[in-house]
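Trainee: Handing you this structure, nothing more for now.
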Amino acid sequence: MRALSLAVLILLPLCSGCSGRQSALDAAGSEAARIESLFWTFTITVSAVWILVMTGLALAMRRRHEAAEPLPEPLAPDRRVEHRATITINALVIATGVILLALMVASFLAGRSGPSLAREHSLELELTGRQWWWDIRYADKDPARVVTTANEIHLPVGRAVELKLASSDVIHSFWVPNIAGKLDLVPGRQNVLFIKPERVGTYRGQCAEFCGLQHAHMALLVVVEPEQQFEAWYAAELGSAAEPGTPEAKRGKELFSKAACVMCHQIRGSTAGARLGPDLTHVGRRATIAAGTLPMTAVDLDSWIADPQAVKPGVSMPKVDLSPEDRRSIVAYLGSLK
Amino acid sequence: MTDRPMLDLSDLPTSGFGPRSPTWWGTLSFCALEGMGFALAAGAYLYLASVNQTWPLGAAPPTLWPGIVITVLMLLSLVPNHWVKQAALKQDLVAVRILLVIMSIFGAFILVIRGFEFGALNISWDSNAYGSIVWFILGLHTTHLATDLGDTLVLTALMFTRHGRELRRFSDVEDNAFYWYFVVFSWLPLYLLLDWVP
Amino acid sequence: MMSITADTRDTGLDDARLHRVLAWTWRTERGLIGALSSVDHKVIGRRYMITALMFLFLGGLAAVAMRLQLARPDSRLIGPDLYNQLFTVHGTNMMFLFAVPVMEAFGAYFVPLMVGTRNIAFPRLNAFSYWIYLSGGLFLWVSFALNIGPDVGWFAYVPLSGPEFGIGKRPDVWAQMITYTEVSALAVAVEIVVTVFKQRAPGMTLSRIPLFVWAMLVTSFVIIFAMPAVMVASTMLILDRLVGTQFFNPAEGGDALLWQHMFWFFGHPEVYIIFLPATGMVSMIVETFARRPMHGYIAVVLSLIAIGFLAFGLWVHHMFAAGIPELGASFFTAASMLIAVPSGVQVFCWIGTLWTGRPVMRVPLLFVLGFFFIFVAGGLTGVMVSSVPLDYQLHDTYFVVAHFHYVLIGGSVFPLIGTIYYWFPKITGRMLSERLGQWHFWLAFLGFNGAFFPMHVLGLLGMPRRVYTYPAGLGWDGINLFVSLSATVLAVSFLLLAVNIVLSLRRGASAGDNPWDAPTLEWATSSPPPPYNFARIPVVRSRDPLWSEARLSREVVQGLRVAVREVVITTLNEARPDLREPSPQPSIWPLLAAIAVGATFLASIFTPWAIVWGSLPVAITLIGWFWPKRVPEDEG
Ligand code: HEA
Ligand code: HEA
Ligand code: CUA
Ligand SMILES: [Cu+2]
């Protein structure tokens, strides 16, 4: 019993933090909500089982000797006692079977709502995992309405979404716990995940399958917004990059296209059209830099460009030699890409 | 505490054949784990065949003659293999010596033809997954063939020395024959898989 | 006085003389060459144990290093490159170099004693397996020290570990280390199967085999059928990397999930390979300290066998999130939950035995009680992660890290430590300190739960595993700090074990033959046992021979030769005496063969030709090993 109260003591302060931006216990999507209630069904059941077993153990130990010396003579089992013990154990085994069967059914039923989302979905995204960032495409029959972006997904609240998951290098795993369970991005295969965000907010997700050096810095944000806000965002994303307004930013644009940056990045509406790195057309509107590694501020953008390897060791973006002034111009330019 | 002898074992033999002998169980265990290895390799083959739309991935089918020759030779070798086992049980040293030589010749001959069989796969191991898995399976079986041949050669040599007269050597001969059965019988399903599935 | 010849029998020999002659016949020679040539299962078993415990400490140190890094958010103590090597080496080391070998070590040492024979079957193979194991372990840690330690996780998923993305030789080190440890594990498994089948003392029928021996037997079968999968898989991986095969390359018809299926077909049974021997240990300790024979012996044996079988039907539960069709996945949910039934049967039988017994609180039992507390919790979280929808959330998070440390440490390491306290007197002749043991237990128990319970919460709060750092402000900071502090307490508790061992070796109380008044045969000989284990092979008439048989005199067999190594071979089922087979002499060849094989493996990560060149020395050493030297008794 001492042990039990101890467990409770540890448990209580910990659970105060169960809500959060990256928590499986603070559901903001239909899938996560279903799993959350399944989680509590399981947790309550197995906790009860655990407590019962420990109680049985404590009772079994009530006739113990403390450190007897020499050890008492072995007992010869008594027929009647043995018989009763056998019956009790049989009953417990049956109970185990029944509980497991119930859990199995609960688990199976909770797994069954995917197909309805598949029927109702009205938005289709293609996610490609790259070491170590997320390449995002909003698919559309009309090529002019396809949006390409990176590391940040905007979704309308209450609409079912189909996510097509693929990888261009190693296995990654898409996981935004508030919205849904995870699913892997496997090279050579396509996995499909249906989700339905149900609460407005910004949720953090993180690659869950170990994918090399910077697996720890492969996060993404899911911004769930009301329909209109989403449409506005979408419309803006469709457009080409904003023309730089200030001379500083203009200079940045030129530098960008002369430096190595163009070899990897695309900025629609400019000469930069490479797809090795994230699309930067509207990079200034994103909340983070390099898959959640840094917040999107001028200072952080500057230190990112100054030495990506220092910020995210091993990252595929090289350190490009630029003077601090040139860097400031590029930062101004990128920051203006709203 | 005193010991109270109540069973006298002085008349027990010091060596036995078949399941009486621990070595036989050891051989059986190794056959089990190696058989598992074959089964898994075959499983990998079937898995790869099932995840691909086309199979054998556009490769030409294997040339059949080396496989046929090897399979026939292997089946034929079962006869002297059976004899050598009988001779061992009867502790007939002369017959064991002759038959072991025959078995060694069989093994060597099969190994040589096996060399052609790799060529007859008509694909390189690095062309695609089909090439990789057939080379793998054939290679896996070939290592067993080669080990058994080595084992048989050493045993044959041993039987021509003074050690050949010991009871335990006959038990070893029997185990060697047992292992050859395993090599042959594990080959048959692999042969069907390699030559007749694609 | 008659003189001893090769054919002298023990019949009528007086005890003192018998001991002298047998000790000489079964001796391990003095000197370095003698030690390296030993084929005594106790000498080799002890080496195995010490080596495995050394790897526990090394792996534990790696864990402490990881916990230092994770104690604070955005910590820069350890970079990603080193961290990834640390957790890979930690996991690989703990699974392949500690947990499996330590169980086999106890098996190799105690199974022959518990079944009442004089040496393990194929003792030279046993020596060989130890050398291979040692070289595999050194290979991993030396590579780590040279900064070419593997960094792809203990299950080395392709394509990360494949030719395109695997860095340098690191994944090759992992794949080849697997080969070493599998070869050694398979060898010991075969030895144990044959020892249990053919070398049991006369009268030890199948239904009288001690439960620890049953557990080792079932484990050995699981090893025989599971380990080939990872050998095949790791060979394919090396071939992909070295000679350009395409097993795992989707562009050429290969498939990344093939690796996962092959790995987990082994990997899931692997965890029961670690767990089943521990259940044998629990049975043994419960029996001795409840002061009564096991309640439900048959049920426990059947559960062991059931777990052994079911272990092969669960592997996909590690791959739910990889995109397995839901219906297929549900099958594996059902199978995974089913395995809770035999586990439950065992738990209930143990508790029933304690309930109807008169339990005596000693350190071994204390650790077994800790086992109940922790393992049942870990098993139940296992049931949680076996649910497909729940696993979508919990997979690859710290919740799973919590689950498996609960079952690995609670389910295996706690019984193991209880067993160390239990068998230390038999191995060394001295008792471990009971007081230090109590301290050790409470520190380990509190440290363990403090370190691993909060990890469940971390996982639910979204912390993935295998991250070298994490940002502040996600609610993980305080928990991680607490975890790291508790892990240090856990580490200190292991330090106490080391202290206890060192102190007790010097001045521990003398143990006597049977300090716990335990029922099984290993206690029917002196502590430590003589090289020949038993002066006369006992005859067994019940499950608990030292309890139920006449406590003053012991029935034994006679008629064995004394100047020649001879073991009694009995029939499989009834254990009727059948043969008196010679048992091999010491030999240096197993070591030489291990060197040849080890060097071949090592070289093969650089060039495939190594297999060709290496086969010559390997063949030579094997012939040396098996070629008989002296008539009549000296046999391979
Ligand atoms: C000693 C080792 C050990 C043991 C014994 C177990 C036991 C079990 N494990 Fe665990 N497991 C691991 C070691 C072990 N596991 C490891 C190392 C991993 C991670 C590998 C990695 O990814 O690195 C893992 C991962 C793992 C996963 C994959 C998780 C994931 O990656 O997402 C799953 C999923 O099903 C699982 C399930 C189970 C189940 C159902 C059991 C069952 O056998 C448990 C049965 C026992 C009980 C249930 C308790 C006793 C029973 C009773 C008291 C009866 C009453 C019970 C009920 C009514 C329910 N385990
Ligand atoms: C039997 C197996 C076993 C054992 C015993 C342990 C023991 C421990 N493990 Fe291990 N662990 C695994 C098997 C095991 N682990 C596996 C399979 C993985 C997965 C790897 C992967 O993902 O690939 C893993 C992963 C793993 C992680 C996750 C890493 C990640 O995902 O990033 C962590 C993190 O905390 C961890 C911690 C610990 C700790 C603190 C201990 C402690 O119990 C250690 C106790 C300490 C000692 C035994 C050291 C002895 C003490 C001294 C020498 C004293 C001196 C030192 C000081 C006082 C500071 N382990
Ligand atoms: Cu991508 Cu982890
Ligand atoms: Cu498993």
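Trainee: With the condition kept exactly as written, say whether any residue in region B:159-174 is more than 23 Å from B:Pro80 (Cβ to Cβ), surrounded by fewer than 20 Cβ atoms within 10 Å (Cβ to Cβ) and facing chain C (nearest Cβ under 10 Å).
Mentor: So far as region B:159-174 goes, yes, one or more of its residues are more than 23 Å from B:Pro80 (Cβ to Cβ), surrounded by fewer than 20 Cβ atoms within 10 Å (Cβ to Cβ) and facing chain C (nearest Cβ under 10 Å).
Trainee: Please state which one of A:Pro74, A:Pro70 is closer than 27 Å to C:Gly357 by Cβ, open to solvent by 70 Å² or more (accessible area, probe 1.4 Å) and not in a helix (DSSP H, G or I).
Mentor: That would be A:Pro70, the only listed residue that is closer than 27 Å to C:Gly357 by Cβ, open to solvent by 70 Å² or more (accessible area, probe 1.4 Å) and not in a helix (DSSP H, G or I).
Trainee: Here's something else I'd like to know. Hand me the list of helices (runs of 4 or more DSSP H) wholly inside region C:386-447 holding 3 or more residues that are within 16 Å of ligand 4 (Cβ to nearest atom).
Mentor: Here the list reads C:388-394, C:398-405.
Trainee: While we're looking at this one, here's another question. Here's a check for you: in region C:14-45, which residue that is outside any helix (DSSP H, G or I) and open to solvent by less than 10 Å² (accessible area, probe 1.4 Å) is farthest from C:Pro586 (Cα to Cα)?
Mentor: This residue is C:Trp26.
Trainee: Moving to a separate point now. Considering only region A:113-158, state which residues are touching a Pro at 6+ places or on another chain (Cβ under 8 Å) and farther than 20 Å from A:Met218 by Cα.
Mentor: A:Leu123, A:Pro156, A:Val157, A:Gly158
Trainee: Something else: Restricting region C:100-136 to residues that are among the small types (Gly, Ala, Ser) and open to solvent by less than 10 Å² (accessible area, probe 1.4 Å), which is farthest from C:Met284 (Cα to Cα)?
Mentor: Filtering first and then ranking leaves C:Gly136.
Trainee: Now for a separate question. More than 14 Å from ligand 2 (Cβ to nearest atom) and open to solvent by less than 10 Å² (accessible area, probe 1.4 Å), is that true of C:Leu257?
Mentor: Against the criterion (more than 14 Å from ligand 2 (Cβ to nearest atom) and open to solvent by less than 10 Å² (accessible area, probe 1.4 Å)), C:Leu257 qualifies.
Trainee: Related question: So, in region A:111-131, of the ones that are more than 7 Å from chain C (Cβ to nearest Cβ) and in a loop (DSSP other than H, G, I, E, B), which residue ends up nearest to A:Ala290 (Cα to Cα)?
Mentor: A:Gln131
Trainee: On to the next question. Yes or no: A:Arg189 within 14 Å of another protein chain (Cβ to nearest Cβ) and of a type in the set (D, E, K, R)?
Mentor: Spelling it out, A:Arg189 is indeed within 14 Å of another protein chain (Cβ to nearest Cβ) and of a type in the set (D, E, K, R).
Trainee: Working only within region C:472-516, note down all residues that are crowded, with 18+ Cβ neighbours inside 10 Å and touching a strand residue (DSSP E or B) at 6+ places or on another chain (Cβ under 8 Å).
Mentor: C:Leu474, C:Ser504, C:Gly508, C:Ala511 - these are the residues of region C:472-516 that are crowded, with 18+ Cβ neighbours inside 10 Å and touching a strand residue (DSSP E or B) at 6+ places or on another chain (Cβ under 8 Å).
Trainee: Out of all the residues in region B:1-31, which are within 7 Å of another protein chain (Cβ to nearest Cβ) and either among the small types (Gly, Ala, Ser) or under 21 Å from C:Met227 (Cα atoms) (or both)?
Mentor: Residues satisfying the conditions are B:Ser10, B:Ser15, B:Gly16, B:Trp25, B:Gly26, B:Ser29, B:Phe30.
Trainee: In region C:60-82, what count of residues is obtained for those that are within 13 Å of chain A (Cβ to nearest Cβ) and more than 7 Å from ligand 2 (Cβ to nearest atom)?
Mentor: Count: 10.
Trainee: Another one. Could you list, in sequence order, all residues of region C:407-432 that are within 20 Å of C:Gly379 (Cα to Cα) and open to solvent by 10 Å² or more (accessible area, probe 1.4 Å)?
Mentor: Within region C:407-432, C:Val407, C:Leu408, C:Ile409, C:Val413 meet the criteria.
Trainee: I would also like to ask the following. With respect to C:Pro163, is the statement that it is surrounded by fewer than 24 Cβ atoms within 10 Å (Cβ to Cβ), touching a residue at least 24 places away in the same chain (Cβ under 8 Å) and within 22 Å of C:Leu257 (Cβ to Cβ) true?
Mentor: So C:Pro163 passes the test.
Trainee: So if I check each of B:Leu140, B:Leu194, B:Leu190, which one is under 29 Å from B:Ala44 (Cα atoms), of a type outside the set (S, T, N, Q) and open to solvent by 20 Å² or more (accessible area, probe 1.4 Å)?
Mentor: B:Leu140
Trainee: Next up: Quick one: count up the residues across region A:207-233 that are within 28 Å of A:Arg268 (Cβ to Cβ) and either part of a strand (DSSP E or B) or open to solvent by 10 Å² or more (accessible area, probe 1.4 Å) (or both).
Mentor: Qualifying residue count for the region: 15.
Trainee: Quick check on C:Val142: is it part of a helix (DSSP H, G or I) and free of Cβ contacts under 8 Å to residues at least 12 places away in the same chain?
Mentor: For C:Val142, the condition - part of a helix (DSSP H, G or I) and free of Cβ contacts under 8 Å to residues at least 12 places away in the same chain - is met.
Trainee: If you don't mind, another one. If you go through region B:39-55, how many residues are within 9 Å of another protein chain (Cβ to nearest Cβ) and in contact (Cβ under 8 Å) with a residue 12 or more places away in the chain?
Mentor: Residues flagged as within 9 Å of another protein chain (Cβ to nearest Cβ) and in contact (Cβ under 8 Å) with a residue 12 or more places away in the chain within region B:39-55 amount to 5.
Trainee: Something else: Give A:Val105, A:Val93 a once-over and let me know the one that is without any contact (Cβ under 8 Å) to a residue 12 or more places away in the chain, within 24 Å of C:Ala322 (Cα to Cα) and not small (Gly, Ala, Ser).
Mentor: A:Val105
Trainee: In addition: Among the residues of region C:384-441, write down those that are among the hydroxyl-bearing types (Ser, Thr, Tyr), in contact with a Gly (Cβ under 8 Å, 6 or more places away or on another chain) and either in contact (Cβ under 8 Å) with a residue 60 or more places away in the chain or within 16 Å of ligand 3 (Cβ to nearest atom) (or both).
Mentor: Of everything in region C:384-441, those that are among the hydroxyl-bearing types (Ser, Thr, Tyr), in contact with a Gly (Cβ under 8 Å, 6 or more places away or on another chain) and either in contact (Cβ under 8 Å) with a residue 60 or more places away in the chain or within 16 Å of ligand 3 (Cβ to nearest atom) (or both) turn out to be C:Tyr392, C:Thr397, C:Tyr398, C:Thr428, C:Ser433.
Trainee: Checking A:Phe108 against (1) open to solvent by less than 10 Å² (accessible area, probe 1.4 Å); (2) outside any loop (DSSP other than H, G, I, E, B): exactly one of these is not met. Which one?
Mentor: Failed condition: (1).
Trainee: Follow-up. If only one of C:Gly370, C:Gly344, C:Gly323, C:Gly357 is more than 30 Å from C:Pro515 (Cβ to Cβ), more than 16 Å from ligand 4 (Cβ to nearest atom), out of contact with any Ser or Thr (no Cβ under 9 Å at 6 or more places or on another chain) and open to solvent by less than 30 Å² (accessible area, probe 1.4 Å), which one is it?
Mentor: Being more than 30 Å from C:Pro515 (Cβ to Cβ), more than 16 Å from ligand 4 (Cβ to nearest atom), out of contact with any Ser or Thr (no Cβ under 9 Å at 6 or more places or on another chain) and open to solvent by less than 30 Å² (accessible area, probe 1.4 Å) holds for just one of C:Gly370, C:Gly344, C:Gly323, C:Gly357, which is C:Gly323.
Trainee: Give just the number: which of (1) open to solvent by less than 10 Å² (accessible area, probe 1.4 Å); (2) away from chain B (no Cβ under 14 Å); (3) touching a Gly at 6+ places or on another chain (Cβ under 8 Å); (4) within 22 Å of C:Phe266 (Cβ to Cβ) does C:Pro150 not satisfy?
Mentor: The one condition C:Pro150 does not meet is (3).
Trainee: Can you tell me which condition C:Ala329 does not meet? The list is (1) within 30 Å of C:His261 (Cβ to Cβ); (2) within 16 Å of ligand 2 (Cβ to nearest atom), and all the others hold.
Mentor: Result: C:Ala329 passes all but (2).
Trainee: Is there any pair linking a residue in region C:491-515 that is closer than 26 Å to C:Pro530 by Cα and within 14 Å of chain B (Cβ to nearest Cβ) to one that is open to solvent by 40 Å² or more (accessible area, probe 1.4 Å) and away from ligand 3 (no atom under 16 Å from the Cβ), with Cβ under 8 Å and at least six apart or on different chains, and which?
Mentor: Within 8 Å, the pairs are C:Asp513/C:Ser526.
Trainee: Inspect all residues belonging to region C:290-297 and state whether any of them is touching a Leu at 6+ places or on another chain (Cβ under 9 Å), open to solvent by 10 Å² or more (accessible area, probe 1.4 Å) and within 24 Å of C:Met384 (Cβ to Cβ).
Mentor: no
Trainee: Could you check how many residues of region A:138-147 are open to solvent by 10 Å² or more (accessible area, probe 1.4 Å) and modelled with pLDDT of 95 or more?
Mentor: 0
Trainee: Can you name every residue in region A:73-103 that is over 30 Å from C:Pro515 (Cα atoms) and facing another protein chain (nearest Cβ under 8 Å)?
Mentor: A:Thr86, A:Thr88, A:Ile89, A:Leu92, A:Val93, A:Thr96, A:Gly97, A:Leu100, A:Leu103 - these are the residues of region A:73-103 that are over 30 Å from C:Pro515 (Cα atoms) and facing another protein chain (nearest Cβ under 8 Å).
The values are calculated or read from the model by the stated rules, or taken from the named source; none is laboratory data. This one's a predicted model, so the numbers in the text were calculated from it and none came from an experiment. Quick reminder, even Gly has a Cβ in these numbers, built from the backbone with ideal geometry, and neighbours come from all protein chains shown. Areas reflect the complete protein model, heavy atoms only, side chains present, ligands, DNA and RNA absent. Shrake-Rupley method; radii C 1.70, N 1.55, O 1.52, S 1.80 Å.
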